[in-house]
Amino acid sequence: MRARSEPAWKPKKDLTVLNRDIPRVDGPEKVTGAAKYTHDIRLPRMVYARFWIHPYPRLNLTKVDVAPALKVKGVVYVKALKEAGEDVRYQGADAAIAVVAAETPEAAEDGLRAMIIEAEELYPPMVTAEQALDESSPKIGRGGKNVNVREERGDEEAANIALDTVDVLIEESYSLPVQHHVCLETHGSVVDYRGGDEATVYTSIQNVSGTNASAARALELDADKVNVITHHMGGGFGSKFGIGIEGSTACRIAKELGRPVHLMLTRGDEFLMGGNRSGSQQTIVGGASKDGRLVALVAKADRFGGTGGGAFAGLPYIYKVENSFFESRSIYTATDSSRAMRAPGHPQASFGMESMVDELAFAVGIDPLTFRKQNLEDPVYHRQLDRVAKEIGWDAHPNKTEPGAVDGTRQVGIGFAISQWGSRSRPGSQCEVRIEPDGRITSTTGTQDLGTGSRTYVAAIVAEEFGLEVGDVTARIGESAFPTSAGSGGSVTTGCSAPAIKDAAHNAREAFEARIAPMLDAEPGQLVWRGGEVISAQDPQKSLTWKQACAALGSEPLSAMGEWQEHLRSQGVHGAQAAKVEVDTVTGELKVLKMVFIQDCGLVLNRLAARSQVNGGQIQALSYGLLEARVHDPDLGLMLTDNLDDYKIAGVQEIPEMISIMDDDDDRLAVMGMAEANCIPGHGAIANALFNACGLRLRDLPLTADKIIMGLSDRS
Amino acid sequence: MKAFELQNPVTLAEAARLLPTKEGDESARLLAGGQDLLTELKHHLVEPDRIVNLKHVPGLDAIEWGADGGLTIGALVTLQDLAEDERVRRELPILAEAAESVGSPQIRAMGTVGGNLNQRPRCWYYRNEHAVCLKKGGTECFAYEGRNKYNAILGGGPSYIVHPSDLAPALVALGAQLMLASPDGQRQVAAEDFFTLPSEGNVLRETVLAPNEILARIVVPPPASGMKSTYLKFQERSSYDFALSAVAVCIWMDGKKVKEVRMVLGAVAPKPWRVKRAEALLAGRELDADALKAVGEEALRGAEPLAENGYKVPLTKGLIVRALQKLS
């Protein structure tokens, strides 16, 4: 038996499929509406379920009468999730008082409104940091406290002593509001259980392989009898790792009724209980020498993660500072818990750090690009910053060390920021490649495509291996019954699944070569797979078409498994951002004209999909920077922005010219995820560009017109 | 939403007869494009037993020019049709610009001129079913001491909503007349008198429209020759949004000097806010820097910002400058 050779990615110059622009294999399905998302699943005798969510955060329930809902035509199921006398502790899943299921969504809504639910509202609602920090307020957070110190780093005394020696010292506060994930597809599941001991659970989830066990528990079935399916998904961004109360409730209703149940959160419920990115308030004291060295930094950051702890990446963020101290606290409020969200904690830390760096640069009179490079050790950032500066037109830009004036004209500004992401991956993912005698080939793994395009490389890696076209391979993903793959969090999807796919393709090729090499008078390992043919390396006259080779398999398909191989993946993403804006110094209108982002991510499997991810990350940051903010009334406790009219996200008119660059100077021939670094620095770069344009420094996101106009009034 | 009976009258009189006669009777609502009504129904802000659909009444979807150059716009004309009308764009750009600034293409394709003028406020509290505010029969305007970034700086009290219509300031500036049909016939009301302040009329409504009246047509009189006009709207989000502030201006110049100007502010008050003293101040003057500054000061005189909407004062002044610069 020949020793198995190690799979290896081909050098970039030899690739015929990968590292090119590959249109999504499911693109036509998606744009024609043929792709079925969880929301779209319709099953015989299916019922629609809805929660009754109380909008006020803190309650003592005095009456929970769900029976009237059963009198509503079409309602088939009601259940109280809480009883009179029980408390509601926070706005979110804990405020789900009851659930109803009905023949139609409309009947379910009517059923909810028929219920009689009364409660004493506890004051204050505890929806703001001020309320949480007020000493007289009730203690509602973890460990019976409203404030928890989460992290301390560095020597505060030494950093303060160093601050005394600096030439320029700046002390400022920076804040960011709570941001929502705004997945186009809300959270939820469709549970297909019709009696017996098996079930299929369609669910919008980032962790298909890891979900059948929890779904089975809720269904009181064995895990091997439950198949979880996420063939298509409308986004997750970190908010969809478990089936949640919405999934487990759907399972229980299905079990009780013996009928399929459709329970997707309404948009309003999604805002109330679907998770969020924690807000942040940071006080940073930074000091620099007049030659532009970051000498000292003392930073204190509060995280506003509702009932959760929130996330914060730590300060200083990336830049080298000689002496620093960092402390972070969680401030608890009676609002929905923060969840992981695309680069958790990084966009918050980046905004504070990049603003402070920019302020110090202008204060010492060194242009912000040079100042940044002076305080960055990693040469990758130098080349990346230079590249985005070139693309944005920094050389020709007049405002290098002084911002533009508020002079009644429209002023243009440029700003910079950087980012990093680990993109670590781990063992465990598997893939099966199966070649049919008729020439079809499938690549099967339990990974999921959140909308990122991962399905396409599941096929493309195999096509590359056999010299085929992407369309010759069928990618099968998104079922827990498929070979295990990792949950999609922390940019691990590609780093975990692509090596397993490559390994499976490699193993399948070796097994296939062992079968057909004799037909070409060649040795296994001495065959070339190219252009839909397999050719003898020694004698190029001897070849088989792909179909002829497959036919040689006889009546049985050839199947090979692959698993994660550490050497096929790498980690560590750098990113650099530039943004160009225009400000009308009369009306305060801020328009982002152009955004440029570059990142390195090893071997790019699909350049089109990768750029699409970079575009998306930049847009998410732009939207956070310009518009997004969750708003509560502090007295009424109501979330005032629980819809997409009042919670504003960027639309087409907000999108600037976008340049998304893959850093081809990165020579790592290994793969990694790449979807987080690009959503980290955009809002900071835009805020810096605003300052560069007109001298207005805004330290509180979003950069909405009201703040810009008031700031400009103060300056003019 | 609550189930309702859909009624499809085929004449204006029949439609008007289907509407309630008593103030406060909420049993029926009029449907045109449905862009506002549907959201109100879905959020249970209104729960009528009957919806009176105006779409089967013929003749209300026409844009007609009189021999004298006057314009009659049927209440069912869509915002898109108004915005795309070549002659409107040429002769009354203020109106085309206002129509084009509304919502998104989808909303403009469905939304009507009549519906735009009769839409309800966008205040966060009004739109939240759980906040029983003054506008919904409660006792308090929560915006006054609550979150009020989008609320009124002029003409507020006891409610501090702003009127959300983009067409309204433009039509007031144009001196338009509104034709209101009722079971008893028709009456004509100047656009300027159609909208009411909360302190003037019924705080639950924004117009003088009686419960059984229907806005049928809008008549824009022929403008005196030489008119230039514009509607300048400032949106927090360009893609689609309601105004943070807007300025509607019709101006007649005599050389470099202003002969006459009509100026109406939008999204700063519970009704379109005509600034007659600012108009008077400009008459006979050149639009130099001093005049632009003075007119802004005068237009915003008396503004009483709430905690979070003080920006509307400098914003509106800036828009006035930009609008006049554009027309001069």
**Asked** When the label point is put 7 Å from the Cα of A:GLU566 along its Cα-to-beta-carbon vector, which residues of region A:424-445 have a backbone N closer than 17 Å?
**Response** A:424-429
**Message:** Sort A:SER137, A:SER355 by Cβ crowding within 10 Å, fewest neighbours at the top.
**Reply:** A:SER137, A:SER355
**Message:** Per DSSP helix of 4 or more residues, -39500 (n - 2.57); summed, then divided by the residues of chain B. What does that give at 222 nm, rounded to the nearest 500?
**Reply:** -7500 deg cm²/dmol
**Exercise: per-residue mean of other protein chain Cβ atoms within 10 Å, B:308-317** = 5
**Message:** For region A:396-435 and region A:116-135, what is the centre-to-centre distance using only Cα atoms, to the nearest Å?
**Reply:** 39 Å
**Prompt:** Where the centroid of each part is defined by its Cα atoms, how far is region B:223-294 from region A:224-247 in Å?
**Reply:** 54 Å
**Complete:** Net charge near A:ILE680 (other residues with Cβ under 12 Å of its Cβ; Lys, Arg +1; Asp, Glu -1) is 0
**Complete:** So the FRET efficiency between A:LEU43 and B:ALA283, C-beta based with R0 = 56 Å and rounded to 0.05, is 0.20
**Message:** For a Förster distance of 51 Å, can you work out the FRET efficiency between the beta-carbons of A:ALA511 and A:ASP378, rounded to the nearest 0.05?
**Reply:** 0.75
**Prompt:** On average, how many beta carbons from a partner chain sit within 10 Å of the beta carbon of a residue in A:581-587?
**Reply:** 4
**Request:** Provide the net charge surrounding A:ALA311, with neighbours chosen by a C-beta distance below 14 Å and charges set as Lys +1, Arg +1, Asp -1, Glu -1.
**Result:** +3
**Request:** Could you tell me how many degrees, from 0 to 90 and to the nearest 10, lie between the Cα long axis of helix B:289-299 and the main elongation axis, the longest principal axis, of the Cα atoms of chain B?
**Result:** 30 degrees
**Asked** In whole angstrom, how far apart do the alpha carbon centroids of region B:1-78 and region B:116-165 sit?
**Response** 23 Å
**Fill in**
Heads up, chain A by the C-alpha gyration tensor (a ≥ b ≥ c square roots of eigenvalues; a/c under 1.5 rounded, else a/b over b/c prolate, else oblate) looks oblate
**Request:** Give the Rg (one decimal place) followed by the Dmax (whole number) of region B:228-327, computed from C-alpha coordinates and expressed in Å.
**Result:** 13.2, 43
**B:GLU47-A:GLU103 FRET efficiency (beta carbon distance; Förster radius 25 Å; 0.05 resolution)** = 0.65
**Request:** As a check on your grasp of the helix formula, calculate [θ] at 222 nm for chain A: sum -39500 (n - 2.57) over DSSP H runs of n ≥ 4, divide by the residue count, round to the nearest 500.
**Result:** -8000 deg cm²/dmol
**Prompt:** Among B:LYS271/B:LYS293; A:LYS390/A:LYS707; A:LYS580/B:LYS233; A:LYS648/A:LYS707; B:LYS256/B:LYS293, which pairs are too far apart, with a Cα-Cα distance over 21 Å?
**Reply:** B:LYS271/B:LYS293; A:LYS390/A:LYS707; A:LYS580/B:LYS233
**Fill in**
Final fewest-first order of A:CYS550, B:CYS133 on the 10 Å Cβ neighbour count is A:CYS550, B:CYS133
**Asked** Which of the peptides A:702-715, B:88-101 is most tightly packed, and how do the rest follow, judged by the mean count of other Cβ atoms within 10 Å per residue?
**Response** B:88-101, A:702-715
**Message:** Between A:GLU523 and B:GLU23, what is the label-point separation in nm under the 7 Å Cα-to-beta-carbon projection?
**Reply:** 10.1 nm
**Message:** Given points 7 Å out from each Cα along the Cα-Cβ axis, report the A:ALA551 to A:GLU256 separation in nanometres with one decimal.
**Reply:** 6.0 nm
**Prompt:** In what sequence, highest mean first, do A:380-391, A:110-121, A:251-262 appear when ranked by Cβ atoms within 10 angstrom?
**Reply:** A:251-262, A:380-391, A:110-121
**Fill in**
Per-residue average of other protein chain Cβ atoms inside 10 Å, peptide B:123-129 -> 4
**Burial ordering of A:VAL364, A:VAL583, fewest other beta-carbon atoms within 10 Å first** = A:VAL364, A:VAL583
**Prompt:** What is region B:165-211 by shape, rounded, prolate or oblate, if you read a ≥ b ≥ c off the alpha carbon gyration tensor as root eigenvalues and call it rounded for a/c under 1.5, prolate for a/b larger than b/c, and oblate otherwise?
**Reply:** oblate
**Item:** Neighbour net charge for A:GLU322 - beta-carbon separation under 14 angstrom, K R +1, D E -1
**Value:** -3
**Prompt:** At A:ASP667 and A:ALA84, where each label point lies 7 Å from the Cα along Cα→Cβ, what is the point-to-point distance in nanometres?
**Reply:** 7.7 nm
**Asked** Once you sort the root eigenvalues of the Cα gyration tensor of chain B as a ≥ b ≥ c, which label holds: rounded (a/c under 1.5), prolate (a/b larger than b/c) or oblate (the other case)?
**Response** oblate
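No value in this document is a laboratory result; all are computed from the given coordinates. Given the structure is predicted, the values throughout are model-derived calculations rather than measurements. Positions of Cβ are backbone-derived with ideal geometry, glycine not excepted, and every protein chain shown enters the neighbour counts.
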